[in-house]
1. So B:Ala106 clears everything in (1) facing chain A (nearest Cβ under 10 Å); (2) under 23 Å from A:Ala211 (Cα atoms); (3) crowded, with 21+ Cβ neighbours inside 10 Å except one condition, right? Which one?
2. With respect to A:Ala106, is the statement that it is part of a helix (DSSP H, G or I), in contact (Cβ under 8 Å) with a residue 60 or more places away in the chain and of a type in the set (A, V, I, L, M, F, W, C) true?
3. Do you know which residues across the stretch B:186-215 are part of a loop (DSSP other than H, G, I, E, B) and surrounded by 19 or more Cβ atoms within 10 Å (Cβ to Cβ)?
4. Can we say B:Arg176 is of a type outside the set (Ser, Thr, Tyr) and at pLDDT below 90?
5. Give the number of residues within the stretch A:33-63 that are within 13 Å of DNA strand C (Cβ to nearest atom), open to solvent by less than 70 Å² (accessible area, probe 1.4 Å) and assigned to a helix (DSSP H, G or I).
6. Go over the candidates B:Arg101, B:Arg112 one by one and state the one that is farther than 28 Å from B:Pro15 by Cβ and loosely packed, with under 15 Cβ neighbours inside 10 Å.
7. Which residues, counting only those in the stretch A:103-117, are in contact with an Asp or Glu (Cβ under 8 Å, 6 or more places away or on another chain) and within 15 Å of B:Leu161 (Cβ to Cβ)?
8. Give the residue, chosen from B:Val42, B:Val71, that is away from every other protein chain (no Cβ under 14 Å), more than 16 Å from DNA strand D (Cβ to nearest atom) and at pLDDT 95 or above.
2 protein chains.
Amino acid sequence: MTVWDRPEPPARPVPLDRERIVAAAIALADEGGLEAVSLRKVAGRLNAGPMRLYGYISTKEELFDLMVDEVHAEILPEEQPGDWREALRIIAHRTRQTVLRHEWLAELLGGRPTLGPNGLAVTEAKLAALDGLADIDTVMRAVETVSAYFTGAIRREIANLRAERATGLSKRDWQRASGPHVTRVLATGRFPTLAKAVYDGTEVDAEASFATGLDWVLDAVAVKLTRPPT
Amino acid sequence: MTVWDRPEPPARPVPLDRERIVAAAIALADEGGLEAVSLRKVAGRLNAGPMRLYGYISTKEELFDLMVDEVHAEILPEEQPGDWREALRIIAHRTRQTVLRHEWLAELLGGRPTLGPNGLAVTEAKLAALDGLADIDTVMRAVETVSAYFTGAIRREIANLRAERATGLSKRDWQRASGPHVTRVLATGRFPTLAKAVYDGTEVDAEASFATGLDWVLDAVAVKLTRPPT
DNA sequence: CTCATGGCGATACACTGTATTTCTGGGATA
DNA sequence: TATCCCAGAAATACAGTGTATCGCCATGAG
């Protein structure tokens, strides 16, 4: 029984940390969506048993929280411009782009409070952009309003995107001709305005529509800011 | 072997329809959240085997779609007031109240296009409120912007509500004192504006905050409507 | 060299969504 | 009336899930 006959001892388990676990989970989610993230698969990717993960998280939801916080690092802009409008606009667009890169984020965004370091940093950036331009309550309301708008808008955009992908059709074609259900329903005449919107509306690309709505909301905020700055 | 010895023949299976299935699913979700909705439990509640449901839906997601559309009936206002602002405001508030009644809706709202009859009716109502006040593209943008705001706001409100319930603390107390993590992080001084907001901000109730933000957004829409009505 | 212990893998459990197979009662036909 | 057939329901099956528990073993201490 020479050395060559004996197998090497089993490799000591690779040390783990949350960073590696979260990275593996994010990779999985990027590839196959949130539903592709299972503790077994995450652990498998790290050559570990599923139970190993419970030393680092105590529930799958916590893993999701960590994933969300991790990608918030991509949202945080490098440096803040002086103009509050520009600052909020950039954060909104960066959020959108991050969600487009990690579509699974749409399911999670706004679903739970974001209390991780990166999430808090993003919140800080939003608030800081408006700090001093009004009393803190107004600032909070403004940030929450803008954030509510863009999380809602992004979520809807992703929902539409997925529907389009599922049918392989552009939103327009799908509504107009190929979604037999929608076509039939519109033909009943019970939804005249909707029909008009579908048939007569101009198709605008998602980013432009996002930007336009965002500008409207920012306009609204601007009005409230010029109001008593206290 | 008299009649008495013989058991009655097994009751003929209760006839099913989507309405009953959806009602059962909604009841389950209202009681135990979305995660309490399993095809087995839904079927069980109707004295049927799980596979029976597949005659009426072909996937669990479709069941969710039906549930969402069903509760959209609660959102649709009985009659539309003439004033577009009031009309949109009412829809927004009815949506919020419906989600508060059916918290599971928060997870689903905006997650997929709403193509059911009630969903379309709600969309029609939104569009109809603004019809004629601007070109159809502007009307669509307005409706989408307002809807994005309030779905985002509602989702966040529910997220906070759940977090509060989970800790048994008011949002304020939780952030301020009892969430050791948040307290510790704020103490680092890395998030000065956030700290100011948490410590110096006034606690406003969710409905008021929702209404305020909504008014801001409606103001923004009003401005765009008075623009070239074309 | 022995022992204890902390951490890891294996095992187990209850449950999920869904595909497939098996059964059965009622209607159609002879 | 007796037979066949078949739609549709039920049972079974399967691969997978999150998580609790158990038993082992390598590494450090004594």
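The values are calculated or read from the model by the stated rules, or taken from the named source; none is laboratory data. Since the model is a prediction, treat every value here as computed from it, not as a measurement. Using ideal geometry, Cβ is built from the backbone for each residue, glycine included, and neighbour counts are taken over all protein chains shown. The protein model used for the area step is the full one, side chains on, heavy atoms only, and it has no ligands, DNA or RNA in it. Shrake-Rupley method; radii C 1.70, N 1.55, O 1.52, S 1.80 Å.
1. Tallying (1) facing chain A (nearest Cβ under 10 Å); (2) under 23 Å from A:Ala211 (Cα atoms); (3) crowded, with 21+ Cβ neighbours inside 10 Å, B:Ala106 fails exactly one: (2).
2. Criteria not met by A:Ala106.
3. Restricting attention to the stretch B:186-215, the residues satisfying the condition of being part of a loop (DSSP other than H, G, I, E, B) are B:188-191, B:201-205.
The one that is part of a loop (DSSP other than H, G, I, E, B) and surrounded by 19 or more Cβ atoms within 10 Å (Cβ to Cβ): B:Phe191.
4. Details: of a type outside the set (Ser, Thr, Tyr): yes; at pLDDT below 90: yes.
Criteria met by B:Arg176.
5. Of the residues in the stretch A:33-63, 7 are within 13 Å of DNA strand C (Cβ to nearest atom), open to solvent by less than 70 Å² (accessible area, probe 1.4 Å) and assigned to a helix (DSSP H, G or I).
6. Numbers: B:Arg112 fails: loosely packed, with under 15 Cβ neighbours inside 10 Å.
Criteria check complete, one pass: B:Arg101.
7. Matches in the stretch A:103-117: A:Gly111, A:Arg112.
8. Values: B:Val42 fails: more than 16 Å from DNA strand D (Cβ to nearest atom).
None of the others qualify; the one that does is B:Val71.
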